[in-house]
């Protein structure tokens with residue numbers, strides 16, 4: 001559609017007739033991202049507050065639909081790229097997210113780790129290198145003062161503030177490790193998210209037997225064993241299940257990220273955001289490990 005024609009269409013959002021408004025809104029929504037630049041241009045050049053509000057609604061609806069669609073495609077393709085998935089979640093709250101900058105910042109951390117690695121290091125020594133670079137050199141830490149704040153669950157905020165919750169610190173940690181071919185994966189432990197260092201030479205793939213040890217990024221990468229998980233589950237009065245000890249899929253990680261955000265927004269009194277995030281969660285519910 002020509003830009004002039006599109007702007008004329010947007011102007012009709014002012015029409016007081018509800019049927020006309022709904023017809024124009026539906027047409028703009030059908031155009032998807034193509035309509036956003038023109039919508040933003042009209043918004044910037046009008047003093048009509050009512051029209052601005054209507055334009056904001058259309059833009060937000062288009063952006064949400066795009067995130068929902070891309071998240072479904074990500075999951076249908078197997079959810080193999082954890083960074084791509086968590087960037088999609090961030091785009092829900094930050095539609096104009098500078099993804100290139102975030103990837104560059106992660107690459108910088110990864111390069112710093114790579115410079116300290118060599119082929120003779122043991123698994124434990126590799127973790128010590130990652131811990132040193134991530135927590136000492138770059139200063140990442142757990143956000144204990146605002147533990148349930150939504151910003152702890154968005155990768156861009158965590159990278160900028162260098163603070164996050166257990167899940168997002170684990171996501172960042174595993175993205176860096178896997179990018180360097182270090183087999184560190186997420187473990188969906190109740191009430192806390194941790195990582196597992198898998199034995200790359202083990203034949204017992206994706207089972208408890210394939211795990212050398214566990215890592216807690218929220219505690220600056222402390223290493224521990226299965227025994228500590230046993231004790232933790234006893235404190236929670238939960239029966240041990242294999243899923244509490246084994247690595248989980250990236251899809252399961254994003255499900256947990258969305259559930260954390262839903263809880264955060266409900267706690268803050270933002271039901272509309274919670275409902276949006278539940279719709280994104282629905283995109284992943286038919287997928288699992």
Please tell me if residue 43 is at pLDDT below 95, out of contact with any strand residue (DSSP E or B) (no Cβ under 9 Å at 6 or more places or on another chain) and surrounded by 12 or more Cβ atoms within 10 Å (Cβ to Cβ). yes
Looking at residue 172, is it assigned by TED's automatic domain parsing to the domain that holds residue 90 and under 15 Å from the mean Cα position of the chain (by Cα)?
yes
Matching residues in the stretch 34-65 (out of contact with any helix residue (DSSP H, G or I) (no Cβ under 9 Å at 6 or more places or on another chain) and under 25 Å from residue 87 (Cβ atoms)) number 1
Exactly one of 266, 239, 228 is assigned by TED's automatic domain parsing to the domain that holds residue 172 and outside any helix (DSSP H, G or I), and that one is 239
Going through (1) at pLDDT 95 or above; (2) within 11 Å of residue 245 (Cα to Cα); (3) in contact with a helix residue (DSSP H, G or I) (Cβ under 9 Å, 6 or more places away or on another chain) one by one, residue 163 fails only at (2)
Looking at the stretch 100-111, can you tell me whether even one residue there is surrounded by 17 or more Cβ atoms within 10 Å (Cβ to Cβ) and free of Cβ contacts under 8 Å to residues at least 40 places away in the same chain? no
Legend entry - Test: residue 175 is crowded, with 16+ Cβ neighbours inside 10 Å and touching a strand residue (DSSP E or B) at 6+ places or on another chain (Cβ under 8 Å): no
Would you confirm whether or not the stretch 52-62 contains a residue that is farther than 20 Å from residue 1 by Cα and touching a residue at least 60 places away in the same chain (Cβ under 8 Å)? no
Expected single match for in the same structural domain as residue 280 (by TED's automatic domain parsing) and either in contact (Cβ under 8 Å) with a residue 40 or more places away in the chain or touching a strand residue (DSSP E or B) at 6+ places or on another chain (Cβ under 6 Å) (or both) among 71, 87 is 87
Residue set 254, 258, 281; condition more than 11 Å from the chain's Cα centre (by Cα) and in a helix (DSSP H, G or I); output residue 281
Query raised in the report: So is residue 224 surrounded by 15 or more Cβ atoms within 10 Å (Cβ to Cβ), more than 22 Å from residue 150 (Cβ to Cβ) and without any contact (Cβ under 8 Å) to a residue 12 or more places away in the chain or not?
Result: yes
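The values are calculated or read from the model by the stated rules, or taken from the named source; none is laboratory data. Here the structure is a predicted model, which is why all the values come from computation and not from measurement. Reconstructed Cβ throughout: ideal geometry from the backbone, glycine too, with neighbour counts over all protein chains shown.
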